[in-house]
1. Which of (1) assigned to a helix (DSSP H, G or I); (2) more than 14 Å from the ligand (Cβ to nearest atom); (3) surrounded by fewer than 24 Cβ atoms within 10 Å (Cβ to Cβ) does residue 25 not meet, given it meets every other one?
2. Sort through 100, 151 and tell me the only one that's assigned by TED's automatic domain parsing to the domain that holds residue 30, surrounded by fewer than 22 Cβ atoms within 10 Å (Cβ to Cβ) and more than 11 Å from the ligand (Cβ to nearest atom).
3. With respect to residue 173, is the statement that it is within 20 Å of residue 17 (Cβ to Cβ), modelled with pLDDT of 95 or more, buried (at least 16 other Cβ atoms within 10 Å of the Cβ) and more than 12 Å from the ligand (Cβ to nearest atom) true?
4. Look at residue 53 and say whether it is in contact with a helix residue (DSSP H, G or I) (Cβ under 8 Å, 6 or more places away or on another chain) and either within 9 Å of the ligand (Cβ to nearest atom) or not in a helix (DSSP H, G or I) (or both).
5. Looking at region 182-202, which of the residues that are assigned to a helix (DSSP H, G or I) and closer than 15 Å to residue 80 by Cα is farthest from the ligand (Cβ to nearest atom)?
6. Please name all residue pairs, on different chains or six or more residues apart, with Cβ atoms under 6 Å, provided the first residue is in region 34-46 and is assigned by TED's automatic domain parsing to the domain that holds residue 68 and within 21 Å of residue 105 (Cβ to Cβ) and the second residue is away from the ligand (no atom under 11 Å from the Cβ) and in a loop (DSSP other than H, G, I, E, B).
7. For residue 215, which of the numbered conditions (1) surrounded by 13 or more Cβ atoms within 10 Å (Cβ to Cβ); (2) on the phi > 0 side of the Ramachandran plot; (3) free of Cβ contacts under 8 Å to residues at least 60 places away in the same chain fails to hold?
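The values are calculated or read from the model by the stated rules, or taken from the named source; none is laboratory data. If you're wondering where the values come from, they're calculated on a predicted model, not measured in any experiment. As a convention, Cβ positions derive from the backbone with ideal geometry for all residues, glycine included, and neighbour counts pool all protein chains shown.
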Ligand SMILES: NC(=O)c1ccc[n+]([C@@H]2O[C@H](COP(=O)([O-])OP(=O)(O)OC[C@H]3O[C@@H](n4cnc5c(N)ncnc54)[C@H](O)[C@@H]3O)[C@@H](O)[C@H]2O)c1
């Protein structure tokens, strides 16, 4: 029996790649898995499939209601659905393309968190893991808009962690390097030809499990081939040097109790 035995888990983008690997892994760990995606999963993956566009707030509300009705609650959420563009030049991108990537990658995570929180609280707490990317931790000139969307996910996860902690809800991110999935498309062959090591979806699913079970919150787990996952360390931002207020953090942080803003 594992900590996930009998837990009810929702995975967005669970019909392919990293989400599918996570759904299968959670099922093996004894969880009851729900896949939310715009395309159905392969036969046998997940106990329940919901046709959900993660950028649609109304669809989110309906999905959470249905999961609670059918399965009795919700404990674990992997907000993983995402899209990439691989266009570097903003002039080559239509407004629709820009809005689409933001809608899926950022709205999809925010609306998901917003919709699942009451359900997790009704169970006395829970765990959320978002799939960000290494492009959420560093610049990635191949796809700047994707990079912006993943930085947004990292900022959201880190900022929400102390807000959700008193409600017994953990929130973490996994930040993989390049993973061999349909999202990378033809890039896989080129990267292979160049001898670049690629992650497999199962390796990322392992780190999702780590993020769920570590007991930590606000962590961003960097995942790269051939090494242990790294709980990425963010440096302190520069604090003020005004006499009498050297290194002072905004008083709002003190008012919020557990919220810390590290400055030097
Ligand atoms: N593949 C990589 O190299 C890589 C690296 C770092 C992070 N990621 C991230 O991992 C996550 C999963 O990507 P993947 O590589 O497994 O890709 P994938 O294309 O194999 O899977 C993505 C899934 O998301 C679903 N999806 C797309 N738009 C959706 C929407 N509006 N609503 C619901 N579902 C939607 C797709 O149908 C698909 O099943 C993404 O957030 C991606 O940005 C991928």
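1. The failed condition is (2).
2. That would be 151, the only listed residue that is assigned by TED's automatic domain parsing to the domain that holds residue 30, surrounded by fewer than 22 Cβ atoms within 10 Å (Cβ to Cβ) and more than 11 Å from the ligand (Cβ to nearest atom).
3. The answer is no for residue 173.
4. In short, yes.
5. Selected residue: 202.
6. 35/46
7. (1)
The rows are residues; the columns are (1) under 19 Å from residue 18 (Cβ atoms); (2) within 16 Å of the ligand (Cβ to nearest atom); (3) surrounded by fewer than 18 Cβ atoms within 10 Å (Cβ to Cβ).
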{"residue": "92", "(1), (2), (3)": "no, no, yes"}
{"residue": "109", "(1), (2), (3)": "yes, yes, no"}
{"residue": "117", "(1), (2), (3)": "no, no, no"}
{"residue": "123", "(1), (2), (3)": "no, no, yes"}
{"residue": "127", "(1), (2), (3)": "yes, no, no"}
{"residue": "130", "(1), (2), (3)": "yes, yes, no"}
